[in-house]
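Only the coordinates and a few stated rules stand behind these numbers; no lab work does. Since the structure is predicted, the reported quantities are computational estimates derived from the model, not experimental observations. Reconstructed Cβ throughout: ideal geometry from the backbone, glycine too, with neighbour counts over all protein chains shown.
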Amino acid sequence: MASVLFSIQVFWCSTFILPVAVTKECDRIMRSFLWHGTGYGKKSGKVAWSRVCKPKKEGGLGFVGCRVWNQVAIMKIGWEICQKKASIWTDWCYNVFLKENSFWAAKVNYNCSCSWRNVLKARNLLTNYLHYEIGDGLSISLWFDPWLSGVSLVDRYGDSVIQDSGLQRNARLSSVIKEGEWDWPVTFPDLIDISNLTSGISLSNSTDRIHWMKKGGTFTIREACNVINMQGREGEWGKIAYSFFAATSLSRFPLMFSKTQEQQTIQPTMLKCMNSLFLT
């Protein structure tokens, strides 16, 4: 059911940050369809939409608000760029937009297309959920990647730290790793502070890796939406709402189709989908 309600807006949500008014209207149509079987109902829903959109373990139905889904869909593009996913789109971003620069160092300017600008703006949200596993340091930007507690060194200390270090602006993290150990220049207070902060970060014997939230974590749309929506306590109203919905709103679905052989196929299929959605 959730996939049916979202199918129309998937492309646009994955391409642009939609205006708030648009996302609210999308939510209104889905909310009306859920409770009344039509996208243009005037009556309010039985339960607040914010509760419907909570994860099932928190008492929701696992739906996703359009605005959250929009943000996460754009974040997914940023995640794939960080992972250097083997795809035409990712290769194009590196060859055309980034070239030799870090994704995190790319600036938002008037030359950016609307889609690329949205991807760059989504970095502020994405960085909160990344976990860096540092190995040889060859693939991580020393100054611009948010590898130190989710913040880049430039954001934490300013551009002056680059000049103080004597290292290049495009330096990799490998510049301060020697024989599997940290090797920071400690000529200025900021660099001494960085050395102290990184002393507790162990280096792996493999290549660098970026994980979603924790070591071994992988980004998925559903997981990202759940994290952003995470609030409240567990509840049982999801199953209760299903019982009510199945007894009332589901009976209205056949009204949207002519009474043909198609009706006999659609109703059982939708009932099966509802059971899968609400009771699992």
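Order of 93-102, 184-193, 169-178, 68-77 by packing, highest average Cβ count within 10 Å first?
By packing density, highest mean first, the sequence is 68-77, 169-178, 184-193, 93-102.
Report P(r) for segment 79-214: all Cα-Cα distances, bin width 5 Å, range 0 to the bin holding the largest distance, values in whole percent.
2, 9, 19, 23, 20, 14, 8, 4, 1
Calculate the FRET efficiency for THR218 and LYS121 from the Cβ-Cβ distance with a Förster distance of 25 Å, rounded to the nearest 0.05.
0.60
Go through 196-209, 149-162 and give me the packing order, highest mean Cβ count within 10 Å leading.
Highest-to-lowest ranking by the protection proxy: 149-162, 196-209.
For labels at ASN205 and ASP193 in the simple 7 Å Cα→Cβ model, what's the distance in nm?
Label-label distance for ASN205 and ASP193, simple model: 3.6 nm.
Once you've got the Cα coordinates, tell me which of LYS76/LYS107; LYS121/LYS178; LYS24/LYS215; LYS42/LYS121 are over 28 Å apart.
Result: LYS121/LYS178; LYS24/LYS215; LYS42/LYS121 exceed 28 Å.
With the cut-off at 1.5 for a/c, could you classify segment 123-170 from its C-alpha gyration tensor as rounded, prolate or oblate?
It is oblate, given that a/c is not under 1.5 and a/b is not larger than b/c.
From the phi of every residue in segment 163-177, what ³J(HN,Hα) in whole Hz does the Karplus formula 6.51 cos²θ - 1.76 cosθ + 1.60 yield, where θ is phi - 60° and glycine or proline is x?
Result, rounded to whole Hz: 5, 4, 6, x, 9, 6, 5, 9, 5, 9, 4, 4, 5, 10, 10.
Based on a Kirkwood Rh over C-alpha pairs, give the Stokes-Einstein translational diffusion coefficient of segment 1-143 at 10 °C and viscosity 1.306 mPa s in µm²/s. Kindly include the intermediate steps, with their values, before the conclusion.
Values: Rh = 17.4 Å.
It comes out at roughly 92 µm²/s.
List, in order, the whole-Hz ³J(HN,Hα) value for each residue of segment 122-135 obtained from phi through the Karplus relation with A = 6.51, B = -1.76, C = 1.60 and θ = phi - 60°; use x for Gly and Pro.
Once θ is set to phi - 60°, the couplings for segment 122-135 become 6, 4, 4, 7, 4, 4, 5, 10, 8, 10, 8, 10, 8, x Hz.
For segment 135-207, report the convex hull volume of the alpha-carbon atoms normalised per residue, in Å³, without decimals.
With only Cα atoms used, segment 135-207 gives 80 Å³ per residue.
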